[in-house]
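Working notes, structure below.
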Amino acid sequence: MQLLCRPSKKQARTGLVVVSAKQEARTGLPLDFITRRLEVVLFRSTLSSPISFLQRTLADRNRSSLSLYTSLPPPQLPATMPEKVGSGQKSKRRILRKCFAVLFIFNFIILLALLITWAILQPKKPRFTLQEATFFTLNVSATNLVSAAIQLTVKAHNPNSRVGIYYDKVDVYSTYRNQQITNYTGIPPFYQGHKDDNIWSPFIYGNNAPVAPYNGLALSQDQWNGDVRLIIKIDGRVKWKVGSFVSRQYHIHIACPAHILLDYTNKTGVLIGNKTMYDLSQSCSVYV
């Protein structure tokens, strides 16, 4: 076996062995036998160093995979897609901005027109006057129960020449020292035209309305002295009308002082049967 041609180190590393005719003549063995023997020797040489063989195998695989990876062209993303998305978002933003701008300008024009109209017309509060008060009953019992029945005559005047007033809901009642002594009496809704006057004649009454004991004693003392001061209050809701435009509702509060002098010698009141009529003609305070 030693006489057989042994491959060199380079042939064992590369696996290439060439058997020539001289080697066949030198050994005296057939060429096929020499070739098979060389294959066995090469296989044993590879087994003698398995680590180097595995390293070469892995290195060959890495080189092949790297060459394959580098040979492929790099993936390219479409450059036009982000531009299309961005342009779509920009167009939507532009549309929204235009809509907001149009709405803002429209609302500004409407508000400006209303302000100009309001400044030109200069609407004023209505004026009220308590003309007469007819007392049927005004008694104090048990020091804290008050009974009253009063017929009122109230004049409402609209000082505006171009603004009308809608009275939607109006309630009239009487108070003494900030305590209510009569029930609410409603006035039906109505419209008051330009420079128009309206006369209200509500009848307010209360039967045994409870009040604070000190207010009952004070009212009895005022009657004894002949000087009673009541407050006629009117609460309601109004709307202003300018042309065909009608504003929203506004609360209106009216306070009319009723200064009653019970001195018949000075003829401040007129006795008619079981009632006494007083001519007051007192202006009222109006809050809108």
Take the cross-link list Lys155/Lys241; Lys233/Lys275; Lys239/Lys275; Lys195/Lys275; Lys195/Lys239; Lys98/Lys239 and give me the ones stretching past 26 Å between alpha-carbons.
-> Lys239/Lys275; Lys195/Lys275; Lys98/Lys239
How are the Cα pair distances of the stretch 142-220 distributed, in percent, across 5 Å bins from 0?
-> 3, 14, 20, 17, 13, 11, 9, 7, 5, 2, 0
Treat the count of other C-beta atoms within 10 Å as a stand-in for reagent exposure and order Tyr278, Tyr214, Tyr250 from fewest to most.
-> Tyr214, Tyr250, Tyr278
Could you state the number of Å between the C-alpha centres of the stretch 125-157 and the stretch 187-258?
-> 9
Using distinct alpha-carbon pairs, which all enter the 1/r mean, Kirkwood radius of the stretch 85-186 in Å = 19.8
Stretched fully, the stretch from Val246 through Arg93 gains (0.36 nm per residue minus C-alpha distance, one decimal, in nm) 51.3 nm
State the volume of the convex hull built on the alpha-carbon positions of the stretch 127-287, expressed per residue in Å³ and rounded to an integer.
-> 107
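Readers should treat all values here as calculations from the given coordinates under stated rules, not as data from a laboratory. Note that this is a predicted model, so its numbers are computed, not measured. Every residue, glycine as well, gets a Cβ built from its backbone with ideal geometry; the counts of neighbours run over all protein chains shown.
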